[in-house]
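*Asks:* Got a structure for you, questions after.
The values are calculated or read from the model by the stated rules, or taken from the named source; none is laboratory data. Every value quoted in this text rests on a predicted model; they were computed, and no experiment measured them. Positions of Cβ are generated from backbone atoms using ideal geometry, with glycine treated the same way; all protein chains shown enter the neighbour counts. These accessible areas exclude ligands, DNA and RNA; they are computed on the full protein's heavy atoms, side chains included. Shrake-Rupley method; radii C 1.70, N 1.55, O 1.52, S 1.80 Å.
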Amino acid sequence: MTASVPLPMIALPAGEIVLRDEGTKTSWRTEVGSFAMASHPVTRELYRSVLGVAPESPAGPWTPVTDVSWLDAVRFCDLLSRAEGFRPCYTPTTDPNAQDVLWDRDADGYRLPSEAEWEYACRAGSSDVRYGDLDEIAWYRANSGGRAREVATREPNAWGLHDMIGNAWEWCWDVYDPVVYGPYRVFRGGGWQDPPRGCRASCRRKSHPTLRVDDLGFRLARSL
C-alpha cells in the first residue's frame, strides 16, 4: 500500500545542541548534521494509508497516531520508505528488545530522529524552556480538553515545525541509558494530558521499545 497523504518535510541546517539529563545532572554537547524533519507528527490517516489499519482510538484522522511502540514506528518508517522508492534505514528484527536493530546512516529513507536532532529541531535556535507561550504552541493538560487534537493547529516554532511540544510524545532513535535501563528508548515533547513541567524542550522520558500508550506517537526524519 502506498501513502496517499502529503507529508511536509522541512530541511534543517547543521548545528549543535547541548543536551541535559536532569536525573543525573549531566550535560553533553552534540553536533547535528543537516537533515529533514516532518512539519508535524505522523497522523492516524497517514499511518492507516501505509499499513491499511491504525490503532483503535476515538481521535480523528488528523490527530497524531498513538498507541504505537518504538518497534511499530521503526517498521512504519521502512514501509513508507519502500512505498516511496527510498532505501530503508533499519534492519529487520524479531528481538522484542530491539537490540539488534541497526540504523544505516547512508540510507535516504524515513527514520526516527535522534534525540539530539529532536531537541535541536524543537528549539529552532531558542535557548528558552520552550519556543513560545505554552498556550499558543501546544495542546496540553490545561487546554486540550482531555484528548488528542488535530496536528498543526497550534503555532509552529521558528523553523515551521508544529506540535514539537504537547499533543503527543514522540519516540526518538536513541537508547536512554543501556547500563541502567537496558533497551529502553527515549521519547520527547510532552503530550495532551501533561502539565507544563512535561512540556519543555529538554524534558526526556524513556520506556521499553514495545510500549504502547495513548499519548505516545512519533515524527519522521530523513538524512540529507
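*Asks:* Just give me the residues in the stretch 108-160 being in a helix (DSSP H, G or I) and among the β-branched types (Val, Ile, Thr), in sequence order.
*Replies:* Within the stretch 108-160, just Ile137 meets the criteria.
*Asks:* In contact (Cβ under 8 Å) with a residue 12 or more places away in the chain, buried (at least 22 other Cβ atoms within 10 Å of the Cβ) and among the polar types (S, T, N, Q) - does that describe any residue in the stretch 45-60?
*Replies:* For the stretch 45-60, residues in contact (Cβ under 8 Å) with a residue 12 or more places away in the chain, buried (at least 22 other Cβ atoms within 10 Å of the Cβ) and among the polar types (S, T, N, Q): absent.
*Asks:* Name, by its number, the condition in (1) over 17 Å from the mean Cα position of the chain (by Cα); (2) closer than 15 Å to Leu220 by Cβ; (3) surrounded by fewer than 18 Cβ atoms within 10 Å (Cβ to Cβ) that does not hold for Pro92.
*Replies:* (2)
*Asks:* Under 6 Å between Cβ atoms, at least 6 apart or on separate chains: pull out the pairs that start in the stretch 207-224 with a residue that is in contact (Cβ under 8 Å) with a residue 60 or more places away in the chain and open to solvent by 50 Å² or more (accessible area, probe 1.4 Å) and end on any residue that is in a loop (DSSP other than H, G, I, E, B) and among the charged types (D, E, K, R).
*Replies:* As it stands, the answer is Arg212/Asp67; Asp214/Asp67, since those pairs meet every condition given.
*Asks:* Looking only at the stretch 128-169, how many residues end up being more than 15 Å from Gly189 (Cβ to Cβ), touching a strand residue (DSSP E or B) at 6+ places or on another chain (Cβ under 9 Å) and open to solvent by less than 50 Å² (accessible area, probe 1.4 Å)?
*Replies:* Adding up the residues that qualify gives 1.
*Asks:* Here's a follow-up. From Arg141, Arg105, which residue is within 20 Å of Val175 (Cα to Cα), among the charged types (D, E, K, R) and over 16 Å from the mean Cα position of the chain (by Cα)?
*Replies:* Arg105
*Asks:* In the stretch 181-197, which residue that is within 12 Å of Trp169 (Cβ to Cβ) and over 15 Å from the mean Cα position of the chain (by Cα) is most open to solvent (accessible area, probe 1.4 Å)?
*Replies:* So the residue we want is Gln193.
*Asks:* Determine if the stretch 24-36 includes at least one residue that is in contact with a Gly (Cβ under 7 Å, 6 or more places away or on another chain) and part of a loop (DSSP other than H, G, I, E, B).
*Replies:* no
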